[in-house]
1. Just the residues that are under 13 Å from the mean Cα position of the chain (by Cα) and of a type in the set (K, R), please, taken from segment 36-61.
2. Determine, yes or no, whether T77 is in contact with a Pro (Cβ under 9 Å, 6 or more places away or on another chain) and among the hydroxyl-bearing types (S, T, Y).
3. Scan P57, P62, P47, P72 and give me the residue that is in contact (Cβ under 8 Å) with a residue 40 or more places away in the chain and farther than 19 Å from L107 by Cβ.
4. Out of segment 94-113, which residues are of a type in the set (S, T, N, Q) and surrounded by 16 or more Cβ atoms within 10 Å (Cβ to Cβ)?
5. Which of the residues belonging to segment 23-35 are more than 12 Å from the chain's Cα centre (by Cα), on the phi < 0 side of the Ramachandran plot and in contact (Cβ under 8 Å) with a residue 12 or more places away in the chain?
6. Where residues in segment 82-93 are within 14 Å of D10 (Cβ to Cβ) and among the β-branched types (V, I, T), which of them is surrounded by the most Cβ atoms within 10 Å (Cβ to Cβ)?
7. Go through segment 37-55 and count every residue that is at pLDDT below 95 and of a type outside the set (A, V, I, L, M, F, W, C).
Amino acid sequence: MAKKVLVIDDDPVTVQYISKLLTNNGYETVTAPNGVEGLEVLKQEKPDLVTLDLQMPEEWGPRFFRKMSQLPEFKDTPVIVITGLSAQHAVPKATAYLSKPFDPDKLLGIVKKTIG
């Protein structure tokens, strides 16, 4: 069974790009355009990993991360921050940080190393 990745980003082009990259490499993807919807998708889909943008409407990535971390079943779910902001302090326990535009091979390497 394929590992599942939740892609949270408000830019539909970025969501499509990350989803296609992961799908083409054997991962299942689910998506959300912001942290509010991301929390709902997280609870429904129970992904193995989350990619998270920081700057989004409705709810920023750091707030989503705090809420996710408070849920016992998701506190250990790895998160890869993919953002245009240089704010690594915003999500201090993230598995990795990638700046937009990011190297797709680097993202794949991190995902493979983290969840197989």
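The values are calculated or read from the model by the stated rules, or taken from the named source; none is laboratory data. Bear in mind the structure is a predicted one, so any value in this text is a computation, not a measurement. Cβ atoms come from the backbone with ideal geometry, glycine included; neighbour counts cover every protein chain shown.
1. K46
2. On the way: in contact with a Pro (Cβ under 9 Å, 6 or more places away or on another chain): yes; among the hydroxyl-bearing types (S, T, Y): yes.
In short, yes.
3. Numbers: P62 fails: in contact (Cβ under 8 Å) with a residue 40 or more places away in the chain; P47 fails: farther than 19 Å from L107 by Cβ; P72 fails: in contact (Cβ under 8 Å) with a residue 40 or more places away in the chain.
The unique qualifying residue is P57.
4. The answer is T95, and nothing else.
5. N25, Y27, E28
6. Across segment 82-93, the extreme among qualifying residues is I82.
7. Result for segment 37-55: 2.
Yes/no per residue for (1) within 13 Å of the chain's Cα centre (by Cα); (2) in a loop (DSSP other than H, G, I, E, B):
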| residue | (1), (2) |
| --- | --- |
| P72 | no, yes |
| T77 | yes, yes |
| Y97 | yes, no |
| V111 | yes, no |
